[in-house]
Amino acid sequence: MTDNSDSRLVTAEGYDIPAVEAWIDANSDYFSPPFTWTRLEGGHSNLTYRLEATCGKKAVIRRPPLGELLPKAHDMGREWSLISALAPQGFPVPTPIGFCEDLSITGAIFYVMGFSDGRPLFNNEDTIDWVPESQRRDLAYSFIDTLADLHVLDPDAVGLTALAKKEDYIGRQIKAWYRSWESSMLYADMDDSRAHELKDYFLAHQPEQITASVVHGDYYCHNCLFSRDSTVSAVLDWELATLGDPLADLGYTLRAWPEVEKDPYLEPTAPTAVPGLPLRAELAQRYSDRTGFSVDLLDYYVGFNNWKSAAILHGVYARYRAGQKSTEGVDMESLRDGILKALAGAERSVARLK
């Protein structure tokens, strides 16, 4: 007979398996090696594996991708600080198990967290397959309630004071992403007067920031795990999280939610493009009731996020055209259309504000 351990995965991209398993054994009492390593997809290209001990206990390990990284990209320390601070508050994040800054172990910082049951929703087919229509309202309520619960936490009280600056979140974002638009115009060979006009509008009409909350930065259905009862079992991928205006985080999230039945502006493959979900206004009001924050200017925050997305896509498009990234398999025309659609979305939101 063959020992089962002989059939375990013996290589894992970016990991020295024996060294990592030895480190976990010495630094955690959560479970003990040997582990079965299984690659998990998603997670902003971070190298993510499920670890399963012979006793059946599971965890997840994450490290940055191989190669040179942009400053602040794939920040494992930031993710670790977030889940370590939020888990004791009862917020749905995976259990923090261990954090390793010793680059001699496997060449990069990594951390280990508990495995959370549930499924992310990347598109409408995922939602249809995983969430019965009778439970979709429950899913939406759990989704927005979880974001509200994050935003009412006091960053100082949970030990996250040093995570980032608190003041003028939107103003700083507008200026940073406008610089990105301007610096990308030459390589993108693309400009649009709306990018400049909208920048001026958002700066001139910037609402007062009501508070500084932990903002996730990418709170969508693909960064949540939903259990079989359609509630959020865990929020994942905290590498973009910071401190800032909670309503900007809300606007980012709700722009992907339908405003009307059969919303013509909603991406048809979005996980929210299915029957049985409450509309954007209902979720905004539920968020307001739970947090006490006014959502009267929601269109400002939705519009700002659409403009910001246009700037982000514009920068990506420019890097492709400059040859800094391979365009193999990339639909450049769709990417360009995405920039224009985002600007159009921002324009619609501003028109309603006026």
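Details
- Annotation: of all residues in the range 156-173 being out of contact with any helix residue (DSSP H, G or I) (no Cβ under 9 Å at 6 or more places or on another chain) and assigned to a helix (DSSP H, G or I), the one that is farthest from Asn305 (Cα to Cα) is Thr161.
- Any hit, the range 255-265, residues being more than 23 Å from the chain's Cα centre (by Cα), charged (D, E, K, R) and surrounded by 14 or more Cβ atoms within 10 Å (Cβ to Cβ): yes
- Residue within the range 310-327 that is in the same structural domain as Tyr265 (by TED's automatic domain parsing), within 17 Å of Ile174 (Cα to Cα), at pLDDT 95 or above and touching a Leu at 6+ places or on another chain (Cβ under 7 Å) present: yes
- Hits in the range 124-144 (condition: acidic (Asp, Glu) and surrounded by fewer than 17 Cβ atoms within 10 Å (Cβ to Cβ)): Glu125, Asp129, Glu133, Asp138
- Residue satisfying all of: in the range 110-123; surrounded by 20 or more Cβ atoms within 10 Å (Cβ to Cβ) and hydrophobic (A, V, I, L, M, F, W, C); nearest to the chain's Cα centre (by Cα) among these: Leu121
- Test: residue in the range 79-90 that is at pLDDT 95 or above, in contact with a strand residue (DSSP E or B) (Cβ under 6 Å, 6 or more places away or on another chain) and assigned to a loop (DSSP other than H, G, I, E, B): no
- Residues within the range 91-108 that are within 20 Å of the chain's Cα centre (by Cα) and of a type outside the set (Ser, Thr, Tyr), tallied: 5
- On inspection, Pro65 fails the criterion of being in a loop (DSSP other than H, G, I, E, B), of a type outside the set (Phe, Trp, Tyr), buried (at least 20 other Cβ atoms within 10 Å of the Cβ) and in contact (Cβ under 8 Å) with a residue 40 or more places away in the chain.
For every residue, the table says whether it meets (1) in contact with a strand residue (DSSP E or B) (Cβ under 9 Å, 6 or more places away or on another chain); (2) modelled with pLDDT of 95 or more; (3) assigned to a loop (DSSP other than H, G, I, E, B); (4) not hydroxyl-bearing (Ser, Thr, Tyr).
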residue: Asp117; (1), (2), (3), (4): yes, no, yes, yes
residue: Leu139; (1), (2), (3), (4): yes, yes, no, yes
residue: Ile144; (1), (2), (3), (4): no, yes, no, yes
residue: Leu150; (1), (2), (3), (4): yes, yes, no, yes
residue: Asp154; (1), (2), (3), (4): yes, yes, yes, yes
residue: Lys175; (1), (2), (3), (4): no, yes, no, yes
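The values are calculated or read from the model by the stated rules, or taken from the named source; none is laboratory data. This structure is a prediction, so every number in the text was calculated from the model and none was measured. Heads up, the Cβs are rebuilt from the backbone with ideal geometry, glycines too, and the neighbour counts pull from every protein chain shown.
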